[in-house]
Amino acid sequence: MKMVFLGPPGAGKGTLSSLASKRLGLPHISTGDLFREAVRRETELGKKVKGIMAEGKLVPDELTIALVSERLAAPDTASGWILDGFPRTIPQAEALQAIEPVDLVVDFDVGDELILMRLTGRRVCGSCGKIYHVATMPPKVEGVCDVCGKPLTTRPDDREEAIRTRLAAYREQTQPLIAWYGEQGIIESIDGSGSPETVYGLFAGALARHHS
Ligand code: AP5
Ligand code: MG
Ligand code: ZN
């Protein structure tokens, strides 16, 4: 099954991808995570994208498409994947279509107020990438990752100004994909505002409907 998780920043794409990846045995491919890893490792790509990401703007299509093409060539992608945060523009969607057509696009629908609450309270593990929220999904020990014991951090793009830029980028460049995939009849919009298990249930329903 080849799936794309689409939705505004903070919609819960990463959280749901982790759950779905474990339960369905599919690799979770997040372009945001791949870019953040490049920034951490200070690679050539990392140097190019660091400032763009901190501001909350989209990385140019050529760089993003090259990154995904390379990742989708890895052997673990043979039985499918969950793409989280890619494609985010029409040219990226066209490029993906040419590499590997998508079976199902899941659009997570979440209102602006909840997005702000989710992003301002998010903490991430700087080592293993696990996602927390100070109010809704706190770690057992404040500021420490449950999985690896490393300190939790705040993403540089979770500042108010960068959040505004990310929301604008989503509306202008990414939201048109909903109609684009709609024309192909492969998109399912689900309410992303409930608990992770509630949202997972809606996702599982969409998956079943799509299969039948
Ligand atoms: P990316 O990392 O993809 O960021 P994003 O799209 O802004 O989305 P987020 O990761 O912020 O949110 P999410 O939907 O994953 O929510 P999460 O599960 O963490 O991209 C970052 C940057 O990289 C971009 O701005 C751009 O610069 C670049 N980039 C990446 N892909 C690109 C592309 N294709 N093209 C160009 N540039 C690209 O949840 C958020 C919070 O809510 C967490 O605290 C979580 O614990 C909590 N939460 C989640 N779900 C629930 C729930 N159901 N109930 C309660 N709390 C919840
Ligand atoms: Mg994410
Ligand atoms: Zn960790």
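Things to note:
- Those residues of region 148-165 which are outside any loop (DSSP other than H, G, I, E, B) and either away from ligand 1 (no atom under 12 Å from the Cβ) or out of contact with any helix residue (DSSP H, G or I) (no Cβ under 8 Å at 6 or more places or on another chain) (or both), in sequence order: 151, 152, 153, 160, 161, 164
- Qualifying residue in region 31-39 (condition: more than 16 Å from ligand 3 (Cβ to nearest atom), open to solvent by less than 40 Å² (accessible area, probe 1.4 Å), touching a residue at least 40 places away in the same chain (Cβ under 8 Å) and not in a helix (DSSP H, G or I)): no
- Look at region 195-211: where a residue is more than 13 Å from residue 107 (Cα to Cα), no partner that is surrounded by 17 or more Cβ atoms within 10 Å (Cβ to Cβ) and at pLDDT below 95 sits 6+ places away or on another chain with Cβ atoms under 8 Å.
- Residue that is buried (at least 19 other Cβ atoms within 10 Å of the Cβ), more than 12 Å from ligand 1 (Cβ to nearest atom) and of a type in the set (A, V, I, L, M, F, W, C), where the choices are 125, 145: 145
- Residue count, region 129-142 (criterion: open to solvent by less than 70 Å² (accessible area, probe 1.4 Å) and closer than 22 Å to residue 5 by Cα): 5
- Residues in region 1-56 that are within 15 Å of ligand 2 (Cβ to nearest atom) and on the phi > 0 side of the Ramachandran plot: 7, 10, 12, 56.
- Every residue from region 1-30 that is buried (at least 20 other Cβ atoms within 10 Å of the Cβ), near ligand 1 (Cβ under 10 Å from one of its atoms) and either β-branched (Val, Ile, Thr) or not in a strand (DSSP E or B) (or both): 7, 8, 9, 10, 11, 12, 13, 14, 15, 16, 17
- Once region 111-145 is narrowed to residues that are part of a loop (DSSP other than H, G, I, E, B) and touching a strand residue (DSSP E or B) at 6+ places or on another chain (Cβ under 8 Å), the residue that is nearest to ligand 2 (Cβ to nearest atom) is 130.
- Test: residue in region 104-121 that is modelled with pLDDT of 95 or more, closer than 22 Å to residue 49 by Cβ and open to solvent by less than 40 Å² (accessible area, probe 1.4 Å): yes
- Looking only at region 161-186, and only at residues there that are over 18 Å from residue 108 (Cβ atoms) and either within 16 Å of ligand 2 (Cβ to nearest atom) or in contact (Cβ under 8 Å) with a residue 40 or more places away in the chain (or both), the one that is surrounded by the fewest Cβ atoms within 10 Å (Cβ to Cβ): 161
- Counting only residues that are of a type outside the set (A, V, I, L, M, F, W, C) and in contact with a Phe, Trp or Tyr (Cβ under 9 Å, 6 or more places away or on another chain), region 96-120 holds 2 of them.
The values are calculated or read from the model by the stated rules, or taken from the named source; none is laboratory data. Worth saying up front: this structure is predicted, and the values here are computed from it rather than measured. Every residue, glycine as well, gets a Cβ built from its backbone with ideal geometry; the counts of neighbours run over all protein chains shown. Heads up: the accessible areas ignore ligands, DNA and RNA and are worked out on the full protein's heavy atoms, side chains in. Shrake-Rupley method; radii C 1.70, N 1.55, O 1.52, S 1.80 Å.
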